[in-house]
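Here is the structure we will look at, set down as structure tokens.
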Amino acid sequence: MSATHVNIIGLPRDVYKGLPTTLCAGCGHNSITNHLIKALYEFGVEPHRLAKMSGIGCSSKTPAYFVEQAHGYNGLHGRMPSAATGAKLANRELLVLGISGDGDTASIGLGQFCHMIRRNLDCAYLIENNGCYGLTKGQFSATADVGSKQKNGKVNDYSAIDLCGLAIELGATFVARSFSGDGKQLVPLLEAAFAHRGAAILDIVSPCVTFNDHVGSTKSYAYVKEHEIALHAPDFIIASKEITADYEPGTVKDIVFDDGSHVLLRKLDREYDPNDRLGALNVIHETRDRGELVTGLLFIDTTADDLCARERMTKTPLVRLREEDLRISREDWSALTAPQA
Amino acid sequence: MPGRSTNDFTIRVATVNGSGSQSSNLTLSNAIFRLGVPVAPKNVFPSNIEGLPTWFDVRITSKGYKCRTRDVDVLVALNQVTWRDDVAGVKPGGAIVHESTYPVSGETQRDDVTYYPVPFSELGKKHFENGDLRKYLVNMLYVGVLGELIGIDEATIEAAIKTQFRTKPAAVEANMSAVRLGIAYAREHFPKQDEFRLQRMTGKTDGTLFMDGNRAAALGCVMGGCTVAAWYPITPSSSLCESFIALAEKYRTDPKTGEKRVVIVQAEDELAAAGVVFGAGWAGARAMTSTSGPGISLMAEYAGFGYYAEIPGVIFDVQRAGPSTGLPTRTMQGDVAFAYTLSHGDTKHVVLLPATVEEAYSFAMDAFDLAERFQTPIFVLSDLDLGMNSWMTPPLPYPEKPFDRGKVLSADDLSKFDSWGRYRDVDGDGIPYRTIPGTNHGNAGFFTRGTGHDEYSRYSEDPQTWKGGLDRLVRKHDAARARVPQPVSDENGNAVGLIAYGTTHHAIAEARDILRDDGINVDYLRVRALPLAADVAAFVERHERVYVVEQNRDGQLYGIMRTELPAHLVERVFSIRHYNGVPIDAYAVVDPLLSALRMASVS
């Protein structure tokens, strides 16, 4: 036996790979896929427990490109949150990973996105955000910034929907923003999203190399690299590992998840409290006004109940219940349908 | 000697919506039923919470007919706005119990009816101190008045009130005091003048109970193993999910921990409700949503996805009058053609068509089995009449069969072969095998997609693969033909046949009796599902002329039959339609049929 590297559940990294991508070479989404593969591997996700769900668009094709042996659900445009809700309710042991884009989430699917957040569905919800419609050749999406330019020179006049700001406003319990080109930040945030019990929203700016990577676009590699402001440097520590590094007091915020894992947020050049909802909204507004893109774990609340808990669902996945668990007893039945005459 | 109208007349209660007359009307129906006399209550109500006119018809029918009748024999008039029209609607010889302050003059003064003026509001003010309860108790007054006039004894009314208020026993005495007041008033003021009387019967209501179709369907969902329900409130289907919620609260909740073996999501719209169903069905749960026409319009997206990606799910459509918002509180069989092919592209769904409370229950259970057996959306098309009205029904049988989970591969099954194809037709019936997410085997996973796919669920644009997939779906649909509820027929070799489905059935039953009394015998077949069973064409083959009776303007089943029947049978099929929003009655069948037969014999 060669000394193949395996993860904490004994699986090699290859298990987490998928079919070859059919997206454009250099697409930010492909980088995200690679970071996802790393995060799923490191986190030790069991492939049979993973439900990869998506809507329609370039982003929504990506579930085919990782963990080939897991179940995938490439559904309807903008309607993935409802299907993800059904899947999670049917089997609460599934790790639901939803992958969407800015058209899928911010336009056609905005309603379902909002209501999934209200319900705090336990899932990781990724938005691969490139500010345009790639598959239909570059039209603006609702996350395009005012003044951002299309390849043909057309300027966007309509205000951008900030999905992180919206999510925080709606009561989301985990909101992060990152950049497809920043694996160091994105991988731990993805792992934290898997560990979080509730809807974990990750807005990942992911440049469209074909239609939205030119001068004048605010979603290009060059623009994002130049304007990104990271709130902190995250590290993710899985439950079975000990925190070994020493940190200067006051330089690290330690967030502990239900499963015993941690995300450590190392302080950069500013104070930031990710438990402060109002503070998070302020930072989003302030940085946007300066033309900056703030990244990091913007907000987290690990104490809120998720949908399954709020609905007081049995711990047993509903799919495993049988006739004897579900039917009314014969005794109760005769009382219930007793003749009245 | 019983008179002509003993145990065969209809009481119409005309009130103002929101005045709390529903309990009184159900009490009245239940009391008559307790005398052993069959009743068919029909609530004709407005889309309104308070203030608009509403009518409740209690049809008393010794023969046990269950359809609406146009006749009004006894009117209880408690709405001054409709007073004139309500009086005009009473049959000659009828009786009118009315608020005594309403004017009886001009058009409202008829010499062919008997008036029973009762000072309802004055009695209410005098006797019922509690202003909040007064309007309800005033309504109970007319139950007492009617009881005295038509012959329901106080003890029977009391038993009915106890049934009506079984969850609020404290309310029984207050209501009974109102009933007694009504009885006393009628006894003192009205020596009996008309001929409408009740006489205790035996053998007609024994062993039966009252239930509405929505509750029966909810019971079917519980017994059919539904664990995930998602809905968006809409008349007339809301009470289906609300009944399911109440049943789940009682029978699916662990008394010790409070944990539930069910989850119900009130979704943001019908589209999301369908999404939850086809997410849960994919993940292996038995899931349903219930809605009405406007919701079905929104669900078209997911219906097509469920059909093409082959995901089980149950959609109840309690039909109301459309198009558009239409008449939300009126009935129609308006979604048959739409539901049958719901989605863009080539789509054919399985549609169940319950006619009775028993079928609302049993078809609900069947729907979950069929959804998993055929891995496809199943539509159950009830309507407002069946869903929201109370019907006399025999007790609902306890299910003896286990769930049919269809072709599902377990981890053990998967160990027996190297590979499998999610959309391969291994058995030749068009039904492939599936796996459930969470199945712990390396080969269990597959990529479900609404895009074109091959037998292994891989994306494919290959012309043969695409066509092959669509052709297999047709084979699967054909396989369902013999597995859905089969038609029920009653034939005696007559030349003319009727075909109907759903609640139209009850008008057909009475219409055939009326025709028989006139010496005209017609055969009858009731369609209970789509795709059409082979028996339907065979029935048409055996008849010279077949009339398809339905409650919509365009003859939707008629249209489906014209498309699907063998060409030589198409010209034998004709259409009779009823579409004014109120449930079909026998004469809406008899009159057009007689004129059609007259025309046919002339030509």
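Measuring with a 1.4 angstrom probe and ignoring ligands and nucleic acids, B:Thr10 comes out at about 10 Å² accessible. For chain B, the per residue solvent-accessible surface stands at 38 Å², with DNA, RNA and ligands left out and a 1.4 Å probe. With the cut-off at 1.5 for a/c, could you classify the range B:340-408 from its C-alpha gyration tensor as rounded, prolate or oblate? Cα axes put the range B:340-408 in the oblate bin.
For A:Leu298, the amide hydrogen comes within under 5 Å of the amide hydrogens of A:Val175, A:Ala176, A:Arg177, counting only partners 5 or more places away or on other chains and with H modelled in the peptide plane. In sequence order, the range A:64-78 has phi-based couplings of 6, 9, 8, 5, 4, 7, 7, 6, x, 9, 9, x, 10, 4, x Hz under the Karplus curve 6.51 cos²θ - 1.76 cosθ + 1.60, θ = phi - 60°, and Gly or Pro positions carry x.
Quick one: of the DSSP bridges fully inside the range A:13-320, what percent are antiparallel, nearest 5? Roughly 40 percent of the DSSP beta bridges within the range A:13-320 come out antiparallel. Per residue of B:446-453, other chain Cβ atoms within 10 Å of the residue Cβ number 5 on average. Amide H contacts under 5 Å for B:Leu209: A:Gln340, B:Thr393, restricted to partners 5 or more places along the chain or on a different chain, H placed in the peptide plane at 1.01 Å from N.
The modelled label-to-label distance for the pair B:Thr563/B:Trp466, using points 7 Å beyond Cα in the direction of Cβ, is 2.1 nm. Under the simplified labelling scheme, the A:Glu292-B:Arg481 pair shows an inter-label distance of 7.0 nm, with each label point 7 Å from Cα along Cα→Cβ. Summing both sides, the accessible surface hidden between B and A at a 1.4 Å probe radius is close to 5300 Å². Electrostatic tally near A:Phe140: other residues with Cβ closer than 13 Å to its Cβ, Lys and Arg +1, Asp and Glu -1, net +2. Under the criterion of Cα pairs below 8 Å and six or more residues apart, the relative contact order for the range B:407-484 equals 29 percent. Averaged over the residues of peptide B:225-236, the number of Cβ atoms from other protein chains lying within 10 Å of each residue's Cβ is 3. Cysteine residues of chain B whose Cβ has no partner cysteine Cβ closer than 4.7 Å: B:Cys67, B:Cys241. For peptide B:427-438, the mean count of partner chain Cβ atoms within 10 Å of a residue's Cβ comes to 3. Each Lys and Arg adds +1 at its Cβ and each Asp and Glu adds -1 at its Cβ; summed about the Cα centre, the protein assembly as shown shows a dipole of about 740 debye.
Of the residues A:Leu298, A:Pro207, A:Ala176, the one whose Cα sits farthest towards the positive end of the charge dipole of the range A:176-307 is A:Pro207 (charges of +1 on Lys and Arg Cβ, -1 on Asp and Glu Cβ, taken about the Cα centre). Does the range B:8-206 come out rounded, prolate or oblate by the C-alpha gyration tensor, with a ≥ b ≥ c the root eigenvalues, rounded set by a/c under 1.5 and, if not, prolate when a/b is larger than b/c and oblate if not? Cα axes put the range B:8-206 in the rounded bin. May I ask you to find the residues of the range A:301-322 that are shielded by at least 20 Å² of accessible area once the whole protein assembly is considered instead of their isolated chain (probe 1.4 Å)? Residues meeting the cut-off: A:Glu311, A:Arg312, A:Met313, A:Thr314, A:Lys315, A:Leu318, A:Val319, A:Leu321. Each of the GluC sites (Glu not before Pro) that DSSP puts in a loop and that has at most 12 other Cβ atoms within 10 Å breaks chain A; the longest unbroken stretch is A:1-241. Sorting A:Thr316, A:Thr4, A:Thr303 by accessible area puts them as A:Thr303, A:Thr4, A:Thr316; the probe is 1.4 Å, largest comes first, and only protein heavy atoms count.
Only the Cβ atoms of Lys and Arg (+1) and of Asp and Glu (-1) were treated as charged; on that basis the dipole of the range B:211-393 about its Cα centre amounts to roughly 340 debye. At a Förster radius of 60 Å, what calculated FRET efficiency corresponds to the Cβ-Cβ distance of A:Leu110 and B:Ala88, to the nearest 0.05? Here the calculated transfer efficiency is 0.65.
Each peptide among B:200-212, B:31-43 gets the average number of other Cβ atoms lying within 10 Å of its residues, and from highest to lowest they stand as B:31-43, B:200-212.
Interface burial in the range A:41-68, defined as at least 40 Å² less accessible area with all protein chains than with the chain alone at a 1.4 Å probe, covers A:His48. Listed by chain and number, the lysines whose alpha-carbon sits under 19 Å from that of A:Lys61, ignoring those within fewer than 8 places in the same chain, are A:Lys17, A:Lys38, A:Lys52, A:Lys137. Protein-only accessible surface at a 1.4 angstrom probe places the residues A:Val256, B:Val484 in the order A:Val256, B:Val484, largest first.
Sites listed here are chymotrypsin sites (Phe, Trp or Tyr not before Pro) in the range A:208-256 whose DSSP assignment is loop and whose Cβ has at most 15 other Cβ atoms within 10 Å: A:Tyr247. Of the residues B:Ser457, B:Ser19, the one with the largest accessible area comes first in the ranking B:Ser19, B:Ser457, computed with a 1.4 Å probe on protein heavy atoms.
Taking all protein chains as they are arranged and a probe of 1.4 Å, the heavy atoms of B:Met388 leave approximately 70 Å² accessible to solvent. Quickly work out the A:Leu11-to-B:Gln193 label distance, labels modelled 7 Å from Cα along the C-beta direction, and quote it in nm with one decimal. Placing both labels 7 Å beyond Cα along the Cβ direction yields 8.6 nm. Computed from backbone phi with θ = phi - 60° and the Karplus coefficients 6.51, -1.76 and 1.60, the 3J(HN,Hα) list for the range A:45-62 is 6, 6, x, 6, 8, 8, 10, 8, 10, 8, x, 10, x, 4, 4, 6, 7, 5 Hz; x is used for glycine and proline. Calculated FRET efficiency, A:Arg310 to B:Ala171, Cβ-Cβ distance, R0 = 35 Å: about 0.55 to the nearest 0.05. Label zone of B:Val408 (point 7 Å out along Cα→Cβ, amide N under 11 Å): in the range A:315-341 this covers A:318-323. If R0 equals 60 Å, the separation of the Cβ atoms of B:Val570 and B:Ser415 corresponds to a calculated FRET efficiency of about 0.70.
Shown here for the range B:233-277: trypsin sites (Lys or Arg not before Pro) in loop regions (DSSP other than H, G, I, E, B) with at most 15 other Cβ atoms within 10 Å, namely B:Lys256. For the range B:292-446, rounded, prolate or oblate, judged on the Cα gyration tensor with a ≥ b ≥ c (square roots of eigenvalues), a/c < 1.5 rounded, else prolate if a/b > b/c? Taking the square roots of the gyration eigenvalues as a ≥ b ≥ c, the range B:292-446 is oblate. What are the residues whose amide H is under 5 Å from the amide H of B:Gln319, where those residues sit 5 or more places off or on another chain and H is modelled from the backbone? Residues meeting the amide H criterion: B:Ser382, B:Asp383, B:Leu384. To put it simply, the accessible area of the protein assembly as shown at a 1.4 Å probe is 51 percent carbon and sulfur. Derived scalar couplings between HN and Hα for the range B:387-399 equal x, 9, 8, 8, 10, 6, 8, x, x, 7, x, 6, x Hz in order, rounded to whole Hz, by the Karplus curve 6.51 cos²θ - 1.76 cosθ + 1.60 (θ = phi - 60°), x for Gly and Pro. Accessible surface for B:Arg483 stands near 130 Å², nearest 10, in the context of the full protein assembly shown (1.4 Å probe).
Per residue of chain B, the DSSP helices (runs of n ≥ 4 H) give a summed -39500 (n - 2.57) that works out to -12000 deg cm²/dmol at 222 nm. For the range B:446-541, chymotrypsin sites (Phe, Trp or Tyr not before Pro) are listed when DSSP marks them as loop and at most 14 other Cβ atoms sit within 10 Å of their Cβ; the list is B:Tyr456.
The values are calculated or read from the model by the stated rules, or taken from the named source; none is laboratory data. Predicted model, so just to flag it, every value in this text is computed and none were measured. Every residue, glycine as well, gets a Cβ built from its backbone with ideal geometry; the counts of neighbours run over all protein chains shown. Accessible surface is based on the protein model in full, side chains and every heavy atom, while ligands, DNA and RNA are left aside. Shrake-Rupley method; radii C 1.70, N 1.55, O 1.52, S 1.80 Å.
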